[in-house]
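Peer 1: Just dropping this structure here.
The values are calculated or read from the model by the stated rules, or taken from the named source; none is laboratory data. Note that this is a predicted model, so its numbers are computed, not measured. Reconstructed Cβ throughout: ideal geometry from the backbone, glycine too, with neighbour counts over all protein chains shown.
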Amino acid sequence: MNIEEWEEYQHINDAMNDMINSMDDSSQMKSVVGHICRSGGKRVRPIILMLSSQICGSNSEDAVNAALAIELIHSASLIHDDILDEGVIRRGVESAHKKFGPAAAMLAGDYMISKSIELISSYDAPVVRAFGRAGMAMAEGETIDIKSTTGTFEDNNYFDCIDKKTASLFAASATMGAYIAGADEATAELLKDYGGKLGIAYQIVDDLLEYTESTDDKRSCHESISLLQIYQKEMTQGQAVQKATEIAMEYVKMAKEILSNFEPSDARNKLLEITDYITIEMLPK
Ligand code: FPP
Ligand code: MG
């Protein structure tokens, strides 16, 4: 599957490029924001938002500003995460703080969060609320993450951490898409649950890739405690990988089952495809 050929991917990239092109270049801000936003990335969260809107009967046009807001807050969180994690490579290039220094990187994160608030402000309250709550959860999750190497960190702490730092934004993307399409609360909750389950599966796989040193598009000096290290205390590395993989697959299954509540459609097919793409298809062969 080539996500870059999807119209939703092109939509979000065009919106991102338009935003960067319209920025004032009297300061370094445009270069720093451009560096992180143009270095690639799968754009999965904004695509999930657009597809969730489509599955509820709306089009991507109404959702594109919210999708851009999601990608901006996500990218800002990666800039901040790389400062905290001492991340040196991100999306295959030098991390923002490595290239421009921590002050410029932090300020670019501030700019992107503020821009995302501007973009989200024209939507109805449930959309804005879901967005704000996701940002709060992410910061809280990251607070749990940075403490993972000191003191007790068991699997319940890990799940709490990834639910907040990662799954919250997937859940918000899906539920915001539903609300933008005018869906009722029950439908928005279903999609929130889909995003939440997918987000958990995604983070377990992401941690697994780091643990097995299977990625070369990102690298950090500081590694947090993940499910793998927790399991490895009681079993071999191979068994820990297998157990974590099985758990991720259970979350993938739950996410897909939620989608079976929706009528068959192109949007549903694409949500099913993207679910596999960022989980099963990423696993080391
Ligand atoms: C990546 O985790 C980081 C996150 C999923 C969340 C980061 C959140 C913050 C820094 C809080 C900032 C909040 C807002 C609203 C901007 P990871 O280090 O496990 O993954 P990686 O391998 O991609 O670095
Ligand atoms: Mg990191």
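Peer 1: Check off (1) touching a residue at least 12 places away in the same chain (Cβ under 8 Å); (2) farther than 26 Å from Gly182 by Cα for Ser27 and give me the number that stays unchecked.
Peer 2: For Ser27, the failing item is (1).
Peer 1: Those residues that are closer than 17 Å to Asp217 by Cα, more than 9 Å from ligand 1 (Cβ to nearest atom) and assigned to a helix (DSSP H, G or I), I need them from segment 82-103; list them, please.
Peer 2: Selection gives Ala96, His97, Lys98, Lys99.
Peer 1: Take Phe131 and decide whether it is closer than 17 Å to Arg45 by Cα, in contact (Cβ under 8 Å) with a residue 24 or more places away in the chain and of a type in the set (Phe, Trp, Tyr).
Peer 2: Taking the combined requirement at face value, the residue satisfies it.
Peer 1: Please go through (1) aliphatic (A, V, I, L, M); (2) surrounded by 21 or more Cβ atoms within 10 Å (Cβ to Cβ); (3) within 9 Å of ligand 1 (Cβ to nearest atom); (4) more than 16 Å from His222 (Cα to Cα) for Ile79 and return the number of the only condition it doesn't satisfy.
Peer 2: The number of the failed condition is (4).
Peer 1: Does Ser52 satisfy the condition of being buried (at least 24 other Cβ atoms within 10 Å of the Cβ), of a type in the set (Ser, Thr, Tyr) and under 26 Å from Gly195 (Cβ atoms)?
Peer 2: Here the answer is yes, as Ser52 does meet what is asked.
Peer 1: Kindly provide the set of residues from segment 128-184 that are in contact with a Gly (Cβ under 9 Å, 6 or more places away or on another chain), closer than 30 Å to Asp62 by Cα and not small (Gly, Ala, Ser), ordered by number.
Peer 2: The answer is Ile162, Asp163, Lys164, Lys165, Thr166, Leu169, Phe170, Thr175.
Peer 1: Which of (1) in contact with a Lys or Arg (Cβ under 6 Å, 6 or more places away or on another chain); (2) modelled with pLDDT of 95 or more; (3) within 16 Å of ligand 2 (Cβ to nearest atom) does Lys218 not meet, given it meets every other one?
Peer 2: Condition (2) is where Lys218 drops out.
Peer 1: How many residues are in contact with a helix residue (DSSP H, G or I) (Cβ under 8 Å, 6 or more places away or on another chain) and of a type in the set (Asp, Glu) when one looks only at segment 5-24?
Peer 2: Matching residues across segment 5-24 total 3.
Peer 1: Please work out which residue is farthest from Ile146 (Cα to Cα), limiting yourself to segment 213-225 and to residues that are surrounded by 14 or more Cβ atoms within 10 Å (Cβ to Cβ) and out of contact with any helix residue (DSSP H, G or I) (no Cβ under 6 Å at 6 or more places or on another chain).
Peer 2: By that ranking, first place goes to Lys218.
Peer 1: Quick check on my filter: what residues within segment 107-137 are over 19 Å from the mean Cα position of the chain (by Cα) and part of a helix (DSSP H, G or I)?
Peer 2: Leu107, Glu118, Ala125, Pro126
Peer 1: Scan segment 208-226 for residues that are within 9 Å of ligand 1 (Cβ to nearest atom), closer than 15 Å to Asp82 by Cα and not in a strand (DSSP E or B) and report the count.
Peer 2: Residues in segment 208-226 being within 9 Å of ligand 1 (Cβ to nearest atom), closer than 15 Å to Asp82 by Cα and not in a strand (DSSP E or B): 5 in total.
Yes/no per residue for (1) more than 18 Å from Leu259 (Cβ to Cβ); (2) hydroxyl-bearing (Ser, Thr, Tyr); (3) buried (at least 24 other Cβ atoms within 10 Å of the Cβ):
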site	(1), (2), (3)
Ile120	yes, no, no
Val128	yes, no, no
Phe131	yes, no, yes
Ala139	yes, no, no
Thr150	yes, yes, no
Asn156	yes, no, no
Gly177	no, no, yes
Ala183	no, no, no
Leu190	no, no, no
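Peer 1: Can you list residue pairs whose Cβ atoms sit under 8 Å apart, with the first residue in segment 203-226 being free of Cβ contacts under 8 Å to residues at least 40 places away in the same chain and under 19 Å from Ile280 (Cα atoms) and the second being in a loop (DSSP other than H, G, I, E, B) and of a type outside the set (S, T, N, Q)? Count only pairs 6 or more apart in sequence or on different chains.
Peer 2: Cβ pairs passing all conditions: Glu210/Glu223.
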